[in-house]
Amino acid sequence: MADFTEAEARRAIEEPVKAVGGAFEKGLVEVLLNDLRNGHTGIEPIALQIVCHTLWQDKAENQSQITFVDYKARGGAERMLREHIICLLSRIPLHQQGLLVRILEALKTSDGTKRYLTFEDLKSNLRLRREPPLKRMLDMLVRHNLLRREQRGGTDWYEFKHDRLVEKITD
C-alpha cells in the first residue's frame with residue numbers, strides 16, 4: 001500500500017473518531033500529521049493506524065476527545081511505534097529469537113533499507129536445512145504487519161512492510 005497524502009491521512013485520522021462521536025483537540029491532528037510524516041513526503045498507513053489505535057484505546061472510557069495530554073503521555077508517535085514493535089517482538093519465544101534476528105538482518109541492506117528476497121534465498125542465506133521454522137516465523141511476521149509477502153510466479157517474496165520500520169525493528 002502506498003503512503004497516504006496529507007489529505008488522505010487527515011481523513012483516516014479524523015473520520016473514524018467522528019463516526020463514534022469523538023474528536024481530536026484543536027491542533028492535535030496537525031501535530032500527528034507532522035510527527036507521522038517524520039521528514040518523509042507521505043505518511044505510512046500502518047504507522048498512522050498504530051498511533052491512532054493506541055490513542056483511542058488509551059483514552060478514558062467516558063472521554064470523547066483525544067487531547068495533547070493523551071498524546072504527550074504516550075510519548076508521541078515515534079515512541080508509540082517503537083513500543084508497538086517491541087510488544088509484538090516480545091511475544092516470540094526466546095528459543096526462536098535467534099532465527100528472528102537472522103531473518104530481519106537478511107532482509108535489510110547495509111544502508112538500512114529493506115531488501116526483497118524469495119523464500120529460497122532466505123533459506124539459503126540463513127543456511128537452514130529445515131523449512132518449517134522459517135515458514136512459521138515468516139508467517140507470524142506477515143500476520144503482525146512487519147513483513148510483506150508477495151507471490152510471483154509461484155514463489156513467495158518477502159520484505160519489510162515499510163522502510164521506516166527497518167530501523168525500528170532492527171534496533
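Data table
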quantity: Using θ = phi - 60° and Karplus 6.51 cos²θ - 1.76 cosθ + 1.60, couplings along the range 26-37 (whole Hz; Gly, Pro as x); calculated: 3, x, 5, 4, 5, 5, 4, 4, 5, 5, 6, 5
quantity: Whether the range 90-171 is rounded, prolate or oblate, judged on the alpha carbon gyration tensor where a/c under 1.5 counts as rounded; calculated: rounded
quantity: Estimated FRET transfer efficiency when R0 is 35 angstrom, pair Leu100-Ala12 (beta carbons, to 0.05); calculated: 0.70
quantity: Charge dipole of the chain about the Cα centre (unit charges at C-beta), most positive-ward option of Leu141, Leu36, Leu94; calculated: Leu94
quantity: Cβ-derived FRET efficiency at R0 45 Å, Arg148 paired with Gln63, nearest 0.05; calculated: 0.80
quantity: Mean residue ellipticity (222 nm) of the chain, computed from DSSP H runs ≥ 4 via -39,500 (n - 2.57), nearest 500; calculated: -17000 deg cm²/dmol
quantity: Rounded to 10°, Cα long-axis angle of helix 76-90 versus longest principal axis of the chain; calculated: 40
quantity: Cleavage-rule hits, GluC sites (Glu not before Pro), the range 45-109, DSSP coil, Cβ neighbours within 10 Å at most 13; calculated: Glu61
quantity: Neighbour count of at most 10 Cβ within 10 Å plus DSSP loop: longest trypsin sites (Lys or Arg not before Pro)-free window in the chain; calculated: 27-90
quantity: Estimated Rh, the range 1-75: Kirkwood, alpha-carbon pairs, angstrom; calculated: 12.5
quantity: For the chain, the spread of Cα positions along each principal axis, largest first, Å; calculated: 56, 32, 28
quantity: Nearest-ten-degree value, helix 45-58 long axis tilted from longest Cα axis of the chain; calculated: 50
quantity: Distance-filtered residues of the range 94-128 - backbone nitrogen under 20 Å, label point 7 angstrom along Lys135 Cα→Cβ; calculated: 96-97, 99-100, 103-104, 117-128
quantity: Förster-model FRET efficiency, 22 Å R0, Trp56 and Leu88, C-beta, rounded to 0.05; calculated: 0.75
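Each reported figure results from applying straightforward, stated rules to the coordinates on display, with no laboratory input. Remember, it's a predicted structure, so these values are computed and weren't measured experimentally. All Cβ positions, even for glycine, are placed from backbone atoms using ideal geometry, and neighbour counts span all protein chains on display.
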